[in-house]
Amino acid sequence: MVKGRLEAFSDGVIAIIITIMVLELKVPHGETFAALTPLIPVFLSYILSFIYIAIYWNNHHHLLQAVRHVNGRILWANVHLLFWLSLIPFVTAWMGENQFAPIPAALYGAVLLFCAIAYLILTITLIAHHGRESELAIAIGRDFKGKVSLAFYVVGILLSFVNSWLACGIYALVAAMWLIPDRRIERTLVSENLSNK
């Protein structure tokens, strides 16, 4: 199967997720800056989640650039990722509304952990379909950053019950790690194109 419908569906779902998150930002009933103060935790959780959604969209886009075709397993692995991403607006709102309380912060981290696991499953499924010698497999390599991210999420979840602000700091650290563009796929595709000329 061609990958176009998978890309279009994923882009649509991600756009809806961002729309749902922004709709959770309620307009204050005052006209002063002081009226915005209660919204600071909500806005901070929105910013962090928006960055995460953008990172997943960007990485998903890059991942699929190295893919030629898909099968049923890949479609299901992709839907699995979209399921976990679709929970981000809920945990974002809950964490923000409750000023980063321990249980909402832990659940936020758990959803991030499961998003990362789902992305890993999608990557493994794509590599299995295209082969260990494929451009994608070569580009992904050992995926050190992905594995470190999983460990950080677990630490953040556990830390939520001690200091939820530090836990959220760890979640922000993981996001910062991924904000630095991952050039593995781009480098592999460019070198592959140069060698084919």
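Numbers at a glance
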| quantity | calculated |
| --- | --- |
| Cross-chain or 6+ apart pairs with Cβ under 7 Å, segment 1-24 first and under 19 Å from Ile40 (Cα atoms) and touching a residue at least 60 places away in the same chain (Cβ under 8 Å), then assigned to a helix (DSSP H, G or I) and open to solvent by 50 Å² or more (accessible area, probe 1.4 Å) | Met21/Phe50 |
| Answer from Leu48, Leu136, Leu85 - the residue that is at pLDDT below 90 and open to solvent by less than 40 Å² (accessible area, probe 1.4 Å) | Leu136 |
| Given (1) under 19 Å from Phe50 (Cβ atoms); (2) surrounded by 17 or more Cβ atoms within 10 Å (Cβ to Cβ), number of the condition Leu122 does not satisfy | (1) |
| Residue in segment 162-173 that is among the hydrophobic types (A, V, I, L, M, F, W, C), modelled with pLDDT of 95 or more, within 20 Å of the chain's Cα centre (by Cα) and under 30 Å from Ser134 (Cα atoms) present | no |
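The values are calculated or read from the model by the stated rules, or taken from the named source; none is laboratory data. As the structure is a prediction and not an experimental result, all values here were calculated from the model. FYI the Cβ positions are ideal-geometry reconstructions off the backbone, even for glycines, and counts take in every protein chain you see. Accessible surface is based on the protein model in full, side chains and every heavy atom, while ligands, DNA and RNA are left aside. Shrake-Rupley method; radii C 1.70, N 1.55, O 1.52, S 1.80 Å.
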